[in-house]
Amino acid sequence: MGKATVKAKMVVDKDFQVSEIDPRVYGSFIEHLGRAVYGGIYEPTHPTADENGFRQDVINLVKELQVPIIRYPGGNMVSAYNWEDGVGPKEDRPKRLELAWRVTETNQVGTNEFVDWAKAVNADVMMAVNLGTRGIDAARNLIEYCNHPSGTYWSDLRRSHGYEHPHKIKTWCLGNEMDGPWQVGQKTAQEYGRLAYETAKAMRLVDPDIELVSCGSSSAQMPTFPSWEAETLEHTYEVADYISLHQYYGNRSGDTANFLAKSMDMENFIQTVISTCDYIKAKKRSKKKMYLSFDEWNVWFHSNEQDKEIEPWTVAPPQLEDVYTFEDALLVGSMLNTMLRHSDRVKMACMAQLVNVIAPIMTENGGAAWKQTIFYPYYYTSVYGRGIALNPIVSSPKYDSKDFTDVPYLDSSVVYNQEKDELVIFATNRHLENPLEVDIDVRSFENYSLVEHIVLENEDAKAVNIAGSENVKPHTNGESYLTDGKLVGIFPKFSWSMIRLKKS
Ligand code: AHR
């Protein structure tokens, strides 16, 4: 006998608009880390490699995700990176000790190759500069190399490397996680604020059209959060367009109900950063609004122990290779919902990362590429979550877990795509035992009919996908239906769903 159905309600209206969604909220991240670059996107000996050594099987999977922007080259790695090592003839590039992950970096891929690869997957590049071991000088030279047309030392060097036209990289991160003690060249808030401000000033003198991301805290759990945001923004508020947020979650204690509630921590994190930005805005009597770039987010914990066994100074070892479970995919769905509900302030976000390293796409060296469980909510939200984010008025039964109280069983986001006349509902049912029947009032969407109800469900919270065996993948047999202008959303226990309606 099936378990009792739990009821919830939702009102969706065209006029309850949060904001136009910036497509860059579906961005991702490739760091020189583990097998993200070498063996991930780049493997010249792979049977599918193109003339530049890029794996086309991986390119095709990335294209499926429709990733609009990809952060590069780090991450922690950027804080001791000499970008000059990665340009020019490949045979002349030095091998270096890469200090963040204690591996050997061969520099066979660098700025120009990455720009080529990003073009191949139809993405823009979000470039990070080294504010750990370096600073203003290296950053201004890099932007001159990338964005200045010609006639100067660095721009002509790029041309001599075979890139006649500037890369026109628009979005730049002023360092990475500079508050973290693990960072090479960690800074205090005052040190970072001053350095980031002066670097931003110089970079904008080279190219006034860029936009800049000031480093926020490495996570909401950092002891200096949120004073780091307040103190650094005192310096960078007027030169930066965004502040970064980073957050990873795990289920170390095996408490699924608590784990699924962790997107509520993300919700609080976003709200606190918005409040802190607005406090500095008020303090400075500024007219400018600071936007949020959630440029690292995901589940990360499965690989922590095995990574301790890695031999130092090897080339591209399998680091941070989390094998994602079914329950991880549900939290990823809710993290996406959380950001969409804040799309008036969260304008960019990067699932960290994209290939092999805590990633939706995995590869075998020389072999197959496949989709992890988390690929699916990311894919559907990226492809169908374009348009205007609506604010669903939800009334759902709630539960308490170890770290959270009043956790709604129903977690959702709603997108209205005016161009396509589509209404799309993304929903996680956090109830581990019971289906949710949701009475959804779609009153302003007359003459819309149900196109599909995609469901990701599995009896086993720990089910995973491995090469050649995809145990966790969505089906199209969702049972939601329309009746008398109302949508009845049927969300199976412990599941993630996408319901798509279209004007008939
Ligand atoms: O994405 C993995 C690492 O997580 C990044 O290098 C760093 O920025 C964060 O701590």
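Just to check your reading of the model, which residue among 144, 191, 164 is assigned to a helix (DSSP H, G or I), over 27 Å from residue 297 (Cα atoms) and of a type in the set (D, E, K, R)? Quick ask: steps written out before the conclusion?
Working: 191 fails: over 27 Å from residue 297 (Cα atoms); 164 fails: assigned to a helix (DSSP H, G or I).
Sole residue among the options that is assigned to a helix (DSSP H, G or I), over 27 Å from residue 297 (Cα atoms) and of a type in the set (D, E, K, R): 144.
When we screen 118, 139, 128 for residues that are out of contact with any Ser or Thr (no Cβ under 8 Å at 6 or more places or on another chain), open to solvent by less than 50 Å² (accessible area, probe 1.4 Å) and more than 16 Å from the ligand (Cβ to nearest atom), the only hit is 118.
Residue 308 - would you say it is more than 23 Å from residue 469 (Cβ to Cβ), within 16 Å of the ligand (Cβ to nearest atom), open to solvent by 50 Å² or more (accessible area, probe 1.4 Å) and of a type outside the set (Ser, Thr, Tyr)?
Values: more than 23 Å from residue 469 (Cβ to Cβ): yes; within 16 Å of the ligand (Cβ to nearest atom): yes; open to solvent by 50 Å² or more (accessible area, probe 1.4 Å): yes; of a type outside the set (Ser, Thr, Tyr): yes.
Against the criterion (more than 23 Å from residue 469 (Cβ to Cβ), within 16 Å of the ligand (Cβ to nearest atom), open to solvent by 50 Å² or more (accessible area, probe 1.4 Å) and of a type outside the set (Ser, Thr, Tyr)), residue 308 qualifies.
Residue count for segment 99-115, restricted to those that are buried (at least 21 other Cβ atoms within 10 Å of the Cβ), within 16 Å of the ligand (Cβ to nearest atom) and not hydrophobic (A, V, I, L, M, F, W, C): 1. The listed residues are 293, 286, 244, and the only one of them that is closer than 22 Å to residue 195 by Cβ, open to solvent by less than 50 Å² (accessible area, probe 1.4 Å) and part of a loop (DSSP other than H, G, I, E, B) turns out to be 286.
Taking segment 376-411 as the range and being part of a strand (DSSP E or B) and either open to solvent by 20 Å² or more (accessible area, probe 1.4 Å) or in contact with a helix residue (DSSP H, G or I) (Cβ under 6 Å, 6 or more places away or on another chain) (or both) as the test, the residues that pass are 389, 393, 394, 395, 398, 399, 408, 411.
Residue by residue through segment 461-492, note down the ones that are in contact (Cβ under 8 Å) with a residue 12 or more places away in the chain and on the phi > 0 side of the Ramachandran plot. Walk me through it before giving the result.
Initially, segment 461-492 is screened for residues in contact (Cβ under 8 Å) with a residue 12 or more places away in the chain, giving 461-468, 470-482, 485-492.
The answer is 468, 485.
Taken residue by residue, segment 362-372 has no member that is charged (D, E, K, R), over 23 Å from residue 42 (Cα atoms) and touching a helix residue (DSSP H, G or I) at 6+ places or on another chain (Cβ under 9 Å).
In segment 222-258, the qualifying residues are those that are aromatic (Phe, Trp, Tyr) and within 18 Å of residue 351 (Cα to Cα), and the one that is farthest from the ligand (Cβ to nearest atom) is 242. Within segment 184-208, take every residue that is more than 16 Å from the ligand (Cβ to nearest atom) and among the basic types (Lys, Arg) and give me the one that is most open to solvent (accessible area, probe 1.4 Å). Per the criteria, the residue is 194.
Tell me which residues, restricted to segment 147-161, are surrounded by 12 or more Cβ atoms within 10 Å (Cβ to Cβ), outside any loop (DSSP other than H, G, I, E, B) and not aliphatic (A, V, I, L, M). Let's see the steps before the verdict.
Narrowing segment 147-161 to residues surrounded by 12 or more Cβ atoms within 10 Å (Cβ to Cβ): 147-149, 152, 154-159, 161.
If we keep only those that are outside any loop (DSSP other than H, G, I, E, B) as well, we get 147, 154-159.
The answer is 147, 154, 155, 156, 158, 159.
Among residues of segment 69-98 that are more than 19 Å from residue 183 (Cβ to Cβ), those with a beta-carbon under 6 Å from a residue that is of a type outside the set (Lys, Arg) and within 16 Å of the ligand (Cβ to nearest atom) at least six positions away or on a different chain give the pairs 69/27; 69/126; 70/28; 70/30. Can you name the residue in segment 311-326 that is under 30 Å from residue 475 (Cβ atoms) and of a type in the set (Val, Ile, Thr) and is also surrounded by the fewest Cβ atoms within 10 Å (Cβ to Cβ) among such residues? Looking at residues that are under 30 Å from residue 475 (Cβ atoms) and of a type in the set (Val, Ile, Thr), I get 323. Once segment 77-98 is narrowed to residues that are among the hydrophobic types (A, V, I, L, M, F, W, C) and buried (at least 17 other Cβ atoms within 10 Å of the Cβ), the residue that is nearest to residue 160 (Cα to Cα) is 87. The number of residues in segment 167-183 being within 13 Å of the ligand (Cβ to nearest atom), touching a strand residue (DSSP E or B) at 6+ places or on another chain (Cβ under 8 Å) and either modelled with pLDDT under 95 or open to solvent by less than 10 Å² (accessible area, probe 1.4 Å) (or both) comes to 3. Checked against (1) under 25 Å from residue 345 (Cα atoms); (2) among the hydroxyl-bearing types (Ser, Thr, Tyr); (3) part of a loop (DSSP other than H, G, I, E, B), residue 373 passes all but condition (1). When 339, 351, 335 are checked against the criterion of being assigned to a helix (DSSP H, G or I) and within 16 Å of the ligand (Cβ to nearest atom), 335 stands alone in meeting it. Step by step: first the residues of segment 354-369, then only those that are in a strand (DSSP E or B) and out of contact with any Phe, Trp or Tyr (no Cβ under 9 Å at 6 or more places or on another chain), then the one that is nearest to the ligand (Cβ to nearest atom). Which residue is that? Of everything passing the filter in segment 354-369, 355 is nearest to the ligand (Cβ to nearest atom).
Here residue 181 passes the criteria (1) in contact with a helix residue (DSSP H, G or I) (Cβ under 9 Å, 6 or more places away or on another chain); (2) in a loop (DSSP other than H, G, I, E, B) except the one numbered (1).
The values are calculated or read from the model by the stated rules, or taken from the named source; none is laboratory data. What you see is a predicted model, and the numbers here were worked out from it, not measured in a lab. Positions of Cβ are backbone-derived with ideal geometry, glycine not excepted, and every protein chain shown enters the neighbour counts. Note: accessible area is taken over every heavy atom of the protein model, side chains too, but ligands, DNA and RNA are not part of it. Shrake-Rupley method; radii C 1.70, N 1.55, O 1.52, S 1.80 Å.
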